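The values are calculated or read from the model by the stated rules, or taken from the named source; none is laboratory data. Bear in mind that the values here come from a model prediction, so they are computed numbers and not experimental data. Here the Cβ positions follow ideal geometry from the backbone for every residue, glycine too, while neighbour counts run over all protein chains shown. Ligands, DNA and RNA are stripped out before the accessible areas are found, and what is left, the full protein with its side chains, is counted by its heavy atoms. Shrake-Rupley method; radii C 1.70, N 1.55, O 1.52, S 1.80 Å.
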Amino acid sequence: MERWRRRRRLARATVLVLTAVLPVTALAVVVRSETSGVHRADVEAVRAATRLTSANPDLYRALLVWQEVFQARWVNLAAVVLCAGVVARAGSRAGARTPERRGLRGRALWALTTILVIWALANGLKVLVARARPALEDALTRAPGYSFPSGHAMNTAATG
């Protein structure tokens with residue numbers, strides 16, 4: 001019975017992953033082409049955001065803080081610490097006896113594995129798509145690496 005439940009959960013997780021991966025893959029192909037309306041809209045959005053932040057220094061500083069706080073290294077570190085705490089607590093004798101803690105260790109390990117796999121996939125996708133960051137003459141800041149998919153968005157979604 002338990003084996004059947006696990007297979008069912010794994011099948012459901014696979015369907016959810018494919019539901020997310022297929023549209024992102026299609027978008028990656030469109031973005032990579034750099035000839036579509038998506039590319040033009042992206043460039044215009046970046047220019048508009050640059051104008052907005054250059055006109056609002058407080059917003060600019062707040063966004064730089066937001067950018068740093070949600071770097072993959074900090075988001076993933078927080079996830080590791082949280083999951084390790086849950087695993088340690090769930091594995092303790094006092095914690096293991098309570099009904100609400102049953103299965104918590106496995107769920108924490110599953111969450112951590114999911115976060116790290118998504119992080120690795122996002123980095124692999126960046127290399128595969130190899131989309132350069134938009135080049136702006138008046139850019140407020142420069143970021144290294146490729147721009148698609150967004151590491152910030154992927155890590156925040158994975159840990160959310």
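Given R0 = 25 Å, the distance between the Cβ atoms of ALA48 and VAL21 translates into a calculated FRET efficiency of 0.25.
When the solvent-accessible area of the chain is split by element, carbon and sulfur atoms take up 66 percent of it, the probe being 1.4 Å. Cβ-Cβ distance of ARG40 and ALA130, R₀ of 22 Å, FRET efficiency by 1/(1 + (r/R0)^6): the value works out to about 0.65. Using R0 = 41 Å, the C-beta based FRET efficiency linking ARG3 and ALA84 works out to 0.90. For the chain, relative contact order (Cα pairs under 8 Å, six or more residues apart, normalised by length) works out to 26 percent. Just so you know, the Cα atoms of the chain work out to an Rg and Dmax of 20.1, 62 Å.
Between the Cα long axis of helix 72-91 and the first principal axis of the chain there is an angle of about 10°, rounded to the nearest 10.
To test your reading of the geometry: what angle, between 0 and 90 degrees and rounded to tens, separates the Cα axis of helix 2-33 from the longest principal axis of the chain? Between helix and principal axis, roughly 10 degrees.
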